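K.L.:
Submitted below is the structure of interest, expressed as structure tokens.
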Amino acid sequence: MRYEPVIGLEIHAQLQTQTKAFCGCSTRFGASPNSQVCPVCLGLPGALPVLNHEAVDLALRAALALGCEVQPTSIFARKNYFYPDLPKGYQISQFERPIALGGGLRLTVDGAERWVGLTRIHMEEDAGKSLHEGFLDSERRTYLDFNRSGVPLIEIVTEPDMRTPAEGAEFFTRLRDVLVWIGVNDGNMEEGSLRCDANVSIRPAGRDAFGTKVEVKNLNSFRYLQKAIEFEIERQADVLDRGGRVLQETRLWDSSAGRTLSMRSKEEAHDYRYFPEPDLPPLVVGASRVEAVRASMPELPAARRVRFVDQYGLPDYDAGVLTQSASLAAYFERTVAACGNAKAASNWVMGELLRVLNERGEGIGEAAVSPESLGGLIQLIDRGTISSSIAKDVFARMHATGAAADAIVAAEGLAQIGDEAALRTVIDEVLAANGDAVAQYRAGKAATFGFLVGQVMKGTGGKANPKLANQLLRQALEQG
Amino acid sequence: MLLDAGAVAIRNAVAAGEVTATAVCEMALERAARLNPGLNAFNHIDADHALRQAAAVDDRRRRGEPAGPLAGVPVAVKDNLCVRGMRTTASSRILERFVPPYDATAVARLDAAGAVLIGKTNCDEFAMGSSNENSAFGAARNPWNPAHTPGGSSGGSAAVVAARCVPVSLGSDTGGSIRQPAAFCGVVGLKPTYGRVSRYGLLAFASSLDQVGPFASNVTDAALALSVLAGPDPMDATCAHEPVPDLLPTLGDGIVGLRVGVPRAFVSEGVDPDVRAAFDATLDILRDAGATLVDVELPHARYAIPVYYLVATAEASSNLARYDGVRFGHRADPSAAGTLREMYFRTRDEGFGAEVKRRIMLGTYVLSAGYYDAFYLKAQQVRTLLRRDYEEAFARVDVVAMPTTPTPPFLLGEKADDPLQMYLADIFTVSANLVGLPAISLPCGFSREQLPIGVQLTGRRFDEATLLRAGRTLETRTSWHAATPPVA
């Protein structure tokens with residue numbers, strides 16, 4: 001039977017605040033274990049949470065960037081369960097009344113557009129970390145690090161609007177771009193500051209009713225997300241094809257085995273006993289606060305893409321690539337400012353620059369060539385000082401040495417030969433040495449012209465200004 | 001003796017250099033050490049800590065620095081308030097050896113005011129109880145008669161003030177835990193408006209109901225203590241930004257024209273004849289002092305006990321989840337406890353007493369899927385109705401008067417096996433917590449058995465000043481507050 005998958009995502013994003021959600025401890029990643037803790041985030045007796053309003057502003061940023069409706073009043077709630085890295089025995093979250101509802105993102109997957117709606121965004125705190133490995137006595141003991149305990153998160157819950165694993169991966173990619181772009185999240189999935197769970201079900205193609213959904217956890221890369229959804233769709237289809245029933249359960253993606261494994265069934269699911277958090281008053285967000293956050297927002301990717309097309313005359317494709325991240329777009333715009341040639345800047349950024357960075361596994365922030373330097377290189381081409389092919393070598397050297405384009409061109413004598421007398425001397429030598437070719441050309445075999453041009457370029461070590469060389473060679477052949 | 005003269009007198013004498021804080025501290029330590037074996041009112045007396053604090057007060061005076069409002073005043077705090085470096089147990093096995101790394105805000109404010117902390121007082125485990133019998137360290141005893149309960153949960157704090165070991169102590173009040181023991185021990189006990197005093201560092205029982213407040217042997221000392229404790233705290237998001245008026249200057253202004261509401265229907269049933277007589281006599285005194293008595297109705301007050309035991313236990317079940325043996329406090333022997341689950345079960349089974357377990361189970365049930373709407377949500381709705389009852393009453397009156405308790409102090413053991421009877425001991429006190437209003441218990445007489453009886457006045461939000469003024473008026477017309485128990 002043919003099935004249609006139905007996919008929804010739940011994304012946890014750490015908010016890039018200086019301090020934790022409910023206390024003044026630092027949120028810095030990688031500090032020595034339990035060095036960023038206090039009575040509040042350790043859940044000591046008598047400690048109380050006080051909301052960090054920087055976290056609220058970042059949650060509002062995310063809500064506005066994703067087109068959500070900010071709720072004038074939201075309520076924190078306790079989610080009760082026991083786990084050693086959850087110090088209070090409950091997580092402060094939001095339940096019945098989250099900070100934002102609705103919104104969504106428009107995706108383009110395989111040329112088709114799809115709208116993925118959001119159910120909600122709610123604020124919550126992260127738990128600490130259980131360290132099960134890496135200690136001499138790890139077989140007997142688990143160690144706990146509470147540095148992450150109380151770090152602010154938003155959970156973004158989508159509607160079940162995706163239909164393919166690729167759409168799931170594309171949504172997560174676009175969402176990450178937005179969150180990083182607006183400075184809400186650092187996008188670091190390895191350190192766990194951005195995490196994704198997927199709800200996957202399948203139904204016979206053409207049916208409206210949803211199938212039984214399975215929650216898949218631990219999808220901490222775009223690739224795993226896509227693979228886990230693919231696996232899960234096949235697994236469920238297999239169950240149904242064999243006349244079975246998909247069980248409502250939570251499954252864990254095992255990346256080494258490349259499969260999902262059952263974690264707990266519906267019957268084993270926690271009863272979290274949510275109730276309003278009595279230690280925190282309702283969170284009231286006035287219209288003026290929303291407007292202040294809106295005014296401080298950077299341009300969003302979709303708006304910037306349109307502007308790049310309008311302002312720089314770029315093809316939509318180029319604008320899409322260049323607006324994938326805030327830093328890439330900024331790099332492009334600085335390059336244009338330095339050289340005044342938007343299409344060339346776009347070609348170089350999307351071409352050589354991204355190729356070199358990808359090869360090295362580096363981000364745009366680590367590029368050894370500054371946008372101003374790249375602009376300088378493009379100017380040398382535009383002025384005819386160097387050819388495009390030489391420019392690629394110059395770029396490689398700029399990347400290796402950090403030197404400016406004109407310095408490299410001068411030091412290595414790479415400037416094109418634009419001096420007519422010098423070129424004529426080379427052309428005369430080429431004509432003298434290739435009498436046969438000259439005769440063939442004059443007999444009407446035009447194709448030998450290319451050969452002769454090649455000989456002139458070779459004679460100048462590739463530095464001849466190609467346009468001038470062509471012109472002088474033709475003159476010489478016709479005069480002769 | 002200076003200890004009997006109260007906090008204001010001690011502060012004035014210390015500030016004037018008539019006596020050193022150290023000398024007062026030694027008196028208090030001596031009396032506490034002498035009486036505590038009979039009272040079991042202190043979980044912990046810390047002479048070193050007290051003498052250090054007293055010496056610091058004396059040093060500041062010698063250097064000519066200003067004396068704080070409680071300079072040299074010996075105090076005790078309930079053992080559910082964190083004191084840095086001092087064992088804080090909530091009278092529970094699970095925290096028997098817990099030493100907090102920080103001070104509760106209320107404790108820090110006492111310290112900043114120059115108070116000298118003698119020790120931590122006994123209470124029902126995690127403040128859950130009305131007789132002090134739920135303490136893991138045995139019940140405190142009533143200084144008026146050691147066979148009787150001092151009340152609970154802040155029984156120890158009431159007993160040490162009644163016995164004049166200290167003129168002022170701190171308790172916490174979730175459903176009457178300051179006012180009921182104050183009534184039972186014949187002292188003044190004030191539960192401030194919810195949000196008036198920071199809860200930071202108070203071991204939470206029921207977060208939306210808990211409030212820290214003072215015990216004192218007279219109204220003036222209670223007003224002085226509240227003025228030190230009250231005010232906003234950046235560490236407690238539920239602590240109000242409301243300004244704190246100077247409570248002392250208006251204490252003597254009298255109550256001419258004060259409208260005193262009396263919920264006759266509510267207080268007509270199940271009240272002991274001695275209590276009724278003392279209450280009626282108190283109403284007469286208030287009227288003689290110029291107050292007008294007005295009948296009011298609190299139609300939903302009769303639901304207060306069930307509502308309270310749904311809301312308080314629900315919050316408690318969550319608040320007490322952190323006592324899991326992982327980071328602090330008691331942990332079951334790891335060799336006996338195999339899995340993580342077993343460690344949790346055994347730790348909490350060994351660490352918590354029967355009443356605490358009962359309330360955790362009740363609260364867990366109340367919040368469970370399928371029961372939340374019927375219990376927790378319904379209770380919150382009734383709480384709203386009760387709030388409206390009081391709003392309507394306060395449209396017509398300035399304070400509401402009731403007996404603090406339906407009976408005089410009962411015998412230790414009398415209700416220990418009957419939780420429902422025990423819960424009903426709080427019938428007149430829980431409403432103030434459910435609606436967040438300030439309420440004070442004042443000594444108003446004695447039973448035939450020479451046991452104290454208290455009257456309770458409830459006021460408008462943040463209007464502790466009126467309660468204290470009315471209390472001070474009663475004091476000037478009676479001498480109940482001046483009576484001291486035979487042991488003192």
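The values are calculated or read from the model by the stated rules, or taken from the named source; none is laboratory data. Because the structure is predicted, anything quoted here is derived from the model rather than measured. A quick note on method: Cβ atoms are made from the backbone with ideal geometry, for glycine too, and the neighbour counts reach across all protein chains shown. We work out accessible area using only protein heavy atoms, side chains counted, and drop any ligands, DNA or RNA first. Shrake-Rupley method; radii C 1.70, N 1.55, O 1.52, S 1.80 Å.
K.L.:
From the list A:164, A:142, exactly one residue is within 14 Å of another protein chain (Cβ to nearest Cβ), at negative phi and open to solvent by 40 Å² or more (accessible area, probe 1.4 Å). Which is it?
P.N.:
Result: A:142 is the single residue among A:164, A:142 that is within 14 Å of another protein chain (Cβ to nearest Cβ), at negative phi and open to solvent by 40 Å² or more (accessible area, probe 1.4 Å).
K.L.:
Out of (1) closer than 23 Å to residue A:354 by Cα; (2) modelled with pLDDT under 85, the odd one out for residue A:422 is which?
P.N.:
Result: residue A:422 fails condition (1) only.
K.L.:
Within the group A:149, A:138, A:130, which residue is in a strand (DSSP E or B) and among the polar types (S, T, N, Q)?
P.N.:
A:130
K.L.:
Which one is nearest to the other protein chains (Cβ to nearest Cβ) among residues in region B:346-362 that are of a type in the set (A, V, I, L, M, F, W, C) and crowded, with 21+ Cβ neighbours inside 10 Å?
P.N.:
Selected residue: B:360.
K.L.:
Sticking with this one: Only residues that are among the acidic types (Asp, Glu) and open to solvent by 20 Å² or more (accessible area, probe 1.4 Å): list them for region A:224-248, please.
P.N.:
Correct list: A:230, A:234, A:238, A:241.
K.L.:
Find the residue count for region B:23-46, including only residues that are part of a helix (DSSP H, G or I) and open to solvent by 40 Å² or more (accessible area, probe 1.4 Å).
P.N.:
Number of matching residues: 7.
K.L.:
Taking the options A:461, A:450, A:454, name whichever one is outside the structural domain of residue A:344 (by TED's automatic domain parsing), free of Cβ contacts under 8 Å to residues at least 24 places away in the same chain and at positive phi.
P.N.:
None of the other options fit; the residue is A:461.
K.L.:
Could you pull out the residue among B:365, B:371 that is out of contact with any strand residue (DSSP E or B) (no Cβ under 6 Å at 6 or more places or on another chain), open to solvent by 70 Å² or more (accessible area, probe 1.4 Å), over 29 Å from residue B:273 (Cβ atoms) and part of a helix (DSSP H, G or I)?
P.N.:
The unique qualifying residue is B:365.
K.L.:
If you don't mind, there's one more thing I want to ask. Scanning region B:265-274 for residues that are among the charged types (D, E, K, R) and not in a helix (DSSP H, G or I), which turns out modelled with the highest pLDDT?
P.N.:
My answer is B:272.
K.L.:
Could I ask something else about it? If you check residue A:437 against the conditions, is it among the small types (Gly, Ala, Ser) and either free of Cβ contacts under 8 Å to residues at least 12 places away in the same chain or not in a helix (DSSP H, G or I) (or both)?
P.N.:
Here the answer is no, as residue A:437 does not meet what is asked.
K.L.:
The conditions are (1) touching a residue at least 60 places away in the same chain (Cβ under 8 Å); (2) under 22 Å from the mean Cα position of the chain (by Cα), and residue B:421 fails exactly one of them. Which is it?
P.N.:
(1)
For (1) more than 21 Å from residue B:268 (Cβ to Cβ); (2) touching a residue at least 60 places away in the same chain (Cβ under 8 Å); (3) in a helix (DSSP H, G or I); (4) open to solvent by less than 10 Å² (accessible area, probe 1.4 Å), each residue gets a yes or a no:
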{"position": "B:432", "(1), (2), (3), (4)": "no, yes, yes, yes"}
{"position": "B:441", "(1), (2), (3), (4)": "no, yes, no, yes"}
{"position": "B:445", "(1), (2), (3), (4)": "no, yes, no, yes"}
{"position": "B:449", "(1), (2), (3), (4)": "yes, yes, no, no"}
{"position": "B:456", "(1), (2), (3), (4)": "no, yes, no, yes"}
{"position": "B:462", "(1), (2), (3), (4)": "yes, yes, no, no"}
{"position": "B:467", "(1), (2), (3), (4)": "yes, yes, yes, yes"}
{"position": "B:471", "(1), (2), (3), (4)": "yes, yes, yes, yes"}
{"position": "B:485", "(1), (2), (3), (4)": "yes, yes, no, yes"}
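K.L.:
Restricting to region A:252-311, and then to whatever is touching a strand residue (DSSP E or B) at 6+ places or on another chain (Cβ under 8 Å) and among the hydroxyl-bearing types (Ser, Thr, Tyr), can you tell me which residue is farthest from the other protein chains (Cβ to nearest Cβ)?
P.N.:
Applying the filter and picking the extreme gives A:260.
K.L.:
Given the structure, is residue A:185 at pLDDT 95 or above and surrounded by 22 or more Cβ atoms within 10 Å (Cβ to Cβ)?
P.N.:
yes
K.L.:
Can you tell me how many residues within region B:312-345 are buried (at least 19 other Cβ atoms within 10 Å of the Cβ), facing chain A (nearest Cβ under 10 Å) and either of a type in the set (Lys, Arg) or touching a Lys or Arg at 6+ places or on another chain (Cβ under 6 Å) (or both)?
P.N.:
Total meeting the criteria: 3.
K.L.:
While we're on this one: Quick check on residue B:256: is it surrounded by fewer than 14 Cβ atoms within 10 Å (Cβ to Cβ) and over 14 Å from residue B:389 (Cα atoms)?
P.N.:
For residue B:256, the condition - surrounded by fewer than 14 Cβ atoms within 10 Å (Cβ to Cβ) and over 14 Å from residue B:389 (Cα atoms) - is met.
So that you can scan it fast, the table gives a plain yes or no per residue for (1) assigned to a loop (DSSP other than H, G, I, E, B); (2) facing another protein chain (nearest Cβ under 10 Å); (3) of a type in the set (A, V, I, L, M); (4) open to solvent by 10 Å² or more (accessible area, probe 1.4 Å):
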position: B:91; (1), (2), (3), (4): yes, no, no, no
position: B:98; (1), (2), (3), (4): yes, yes, no, yes
position: B:102; (1), (2), (3), (4): yes, yes, no, yes
position: B:106; (1), (2), (3), (4): no, no, yes, no
position: B:114; (1), (2), (3), (4): yes, no, no, no
position: B:123; (1), (2), (3), (4): yes, no, no, no
position: B:133; (1), (2), (3), (4): yes, no, no, yes
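K.L.:
Given the conditions (1) in contact with a strand residue (DSSP E or B) (Cβ under 6 Å, 6 or more places away or on another chain); (2) crowded, with 20+ Cβ neighbours inside 10 Å, which single one is not true for residue A:33?
P.N.:
Unmet for residue A:33, out of (1) in contact with a strand residue (DSSP E or B) (Cβ under 6 Å, 6 or more places away or on another chain); (2) crowded, with 20+ Cβ neighbours inside 10 Å: (2).
K.L.:
Among (1) within 30 Å of residue A:207 (Cβ to Cβ); (2) buried (at least 22 other Cβ atoms within 10 Å of the Cβ); (3) of a type outside the set (Phe, Trp, Tyr), which single condition is residue A:60 missing?
P.N.:
Condition not satisfied by residue A:60: (1).
K.L.:
Give the residue, chosen from B:205, B:184, that is within 12 Å of chain A (Cβ to nearest Cβ) and not acidic (Asp, Glu).
P.N.:
The unique qualifying residue is B:205.
K.L.:
When region A:54-90 is examined, which residues are found to be polar (S, T, N, Q) and within 25 Å of residue B:206 (Cβ to Cβ)?
P.N.:
Those that are polar (S, T, N, Q) and within 25 Å of residue B:206 (Cβ to Cβ): A:73, A:74, A:80.
K.L.:
Within region A:155-274, considering only strands (runs of 3 or more DSSP E) that don't extend past its boundaries, which have at least 2 residues that are closer than 28 Å to residue A:28 by Cα and of a type outside the set (A, V, I, L, M)?
P.N.:
Those strands (runs of 3 or more DSSP E) span A:194-204.
K.L.:
A further question follows. Filter region B:275-293 down to the residues that are open to solvent by less than 30 Å² (accessible area, probe 1.4 Å) and either within 30 Å of residue B:381 (Cα to Cα) or in a helix (DSSP H, G or I) (or both) and list them by number.
P.N.:
The answer is B:275, B:278, B:279, B:282, B:283, B:286.
Rundown of residues vs (1) open to solvent by less than 80 Å² (accessible area, probe 1.4 Å); (2) under 18 Å from residue A:50 (Cα atoms); (3) in contact with an Asp or Glu (Cβ under 9 Å, 6 or more places away or on another chain), yes/no style:
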| residue | (1), (2), (3) |
| --- | --- |
| A:97 | no, no, no |
| A:104 | yes, no, yes |
| A:117 | yes, no, yes |
| A:122 | yes, yes, yes |
| A:128 | yes, no, yes |
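K.L.:
Show the residue pairs that are 6+ apart or on different chains and have beta-carbon atoms under 6 Å apart, the first residue being within region A:389-403 and within 13 Å of residue A:415 (Cα to Cα), the second being open to solvent by 20 Å² or more (accessible area, probe 1.4 Å) and modelled with pLDDT of 85 or more.
P.N.:
Between residues of region A:389-403 that are within 13 Å of residue A:415 (Cα to Cα) and residues that are open to solvent by 20 Å² or more (accessible area, probe 1.4 Å) and modelled with pLDDT of 85 or more, the close pairs are A:391/A:381.
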